[in-house]
Amino acid sequence: MTSSLSGRHQDEQERVAVSNEEVVITAPQTADDTRWLITLWQEEWGGETMVSHGQVYGLADLQALVARCGHELVGAATYRIADTGCELMSINATRQGGGIGTKLLAAVEQAALSAGCHRVWLITSNDNLNALRFYQRRKYRMTAVYPGAIDAARQIKPTIPLVGDDGIEIHDEIELEKRLIEKGASV
Ligand SMILES: CC(C)(COP(=O)(O)OP(=O)(O)OC[C@H]1O[C@@H](n2cnc3c(N)ncnc32)[C@H](O)[C@@H]1OP(=O)(O)O)[C@@H](O)C(=O)NCCC(=O)NCCS
């Protein structure tokens, strides 16, 4: 994951709590859900691909979850499972600060556990202080920094912005992980 395009305006966004209606997380269910996802990815990630560690992934090829509040879609996450790791590839809440992201992340972790994963990991961009806060508050730990990795990714995906949140230049990937099953523990 890199910085979301709209994230640049995050400071200006009102932190809107989701209404009392329950947020429900499911896999996408209809053609409308799929169309909504494609629009979200275009608007938030500058296209339907994601570059992680130099690998290009089509978001539509990944496993996805959507968050629904009443009839409205209010968030989505995509992830991929390889061996005993689950990489969170994207996560978005259309109304921030209302608990949607927390629910989506918990659902990805549950899916990872069900698939036998020991950990969920992700990359974010150096400017995304909101995401760094969000994940660390949810027990994710920084495991690596890849200086210049997003500059390299930008060669592959030119829509990655040069400047991200808070006017910070985007250059580096930061990797975080949460261990679902501690090393050495029996599964
Ligand atoms: C990162 C992101 C997905 C988090 O989603 P979110 O829905 O805003 O997250 P939450 O609302 O669950 O949690 C944020 C805070 O709101 C608070 N919150 C939760 N429920 C709430 C409610 N009903 N009312 C008010 N605040 C609430 C939480 O306590 C949390 O604070 P904390 O971290 O101190 O615990 C969202 O900010 C986003 O879409 N960012 C842009 C895309 C992006 O950068 N994705 C990550 C790339 S790596």
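Here are some notes:
- Residue match in region 70-90 (condition: in a loop (DSSP other than H, G, I, E, B) and either within 9 Å of the ligand (Cβ to nearest atom) or in contact with a Ser or Thr (Cβ under 7 Å, 6 or more places away or on another chain) (or both)): no
- The listed residue being surrounded by 20 or more Cβ atoms within 10 Å (Cβ to Cβ), under 12 Å from the mean Cα position of the chain (by Cα) and hydrophobic (A, V, I, L, M, F, W, C), out of Ala93, Ala149: Ala93
- Cβ-Cβ contacts under 9 Å between residues 6 or more apart (or on different chains), taken from a first residue in region 44-60 that is buried (at least 16 other Cβ atoms within 10 Å of the Cβ) and in a strand (DSSP E or B) to a second residue that is among the charged types (D, E, K, R) and modelled with pLDDT of 95 or more, are listed as Thr49/Lys157; Met50/Lys157; Val51/Arg154; Val51/Lys157; Ser52/Glu87; Ser52/Glu173; Tyr57/Arg80; Tyr57/Glu87.
- Given (1) small (Gly, Ala, Ser); (2) closer than 18 Å to Ala64 by Cα; (3) touching an Asp or Glu at 6+ places or on another chain (Cβ under 8 Å), index of the condition Ser125 fails: (2)
- Qualifying residue in region 144-156 (condition: more than 9 Å from the ligand (Cβ to nearest atom), within 21 Å of Ala60 (Cα to Cα) and in contact with an Asp or Glu (Cβ under 9 Å, 6 or more places away or on another chain)): yes
- Long-range neighbours under 9 Å by Cβ, at least six apart or interchain, first residue touching a residue at least 40 places away in the same chain (Cβ under 8 Å) and under 12 Å from Ile123 (Cα atoms) within region 80-93, second among the aliphatic types (A, V, I, L, M) and in a loop (DSSP other than H, G, I, E, B): Leu88/Met1; Met89/Met1; Met89/Leu62; Ser90/Met1; Ser90/Leu62; Ile91/Met1
- Residues in region 93-136 that are among the polar types (S, T, N, Q), within 19 Å of Glu22 (Cβ to Cβ) and either in a helix (DSSP H, G or I) or within 7 Å of the ligand (Cβ to nearest atom) (or both): Gln96, Thr102, Gln110.
- Selected residue (criterion: modelled with the lowest pLDDT) from residues of region 86-125 that are under 22 Å from Trp45 (Cα atoms) and among the polar types (S, T, N, Q): Gln96
The values are calculated or read from the model by the stated rules, or taken from the named source; none is laboratory data. Note that the coordinates shown come from a computational prediction; the quantities given were computed from them, not determined experimentally. Positions of Cβ are generated from backbone atoms using ideal geometry, with glycine treated the same way; all protein chains shown enter the neighbour counts.
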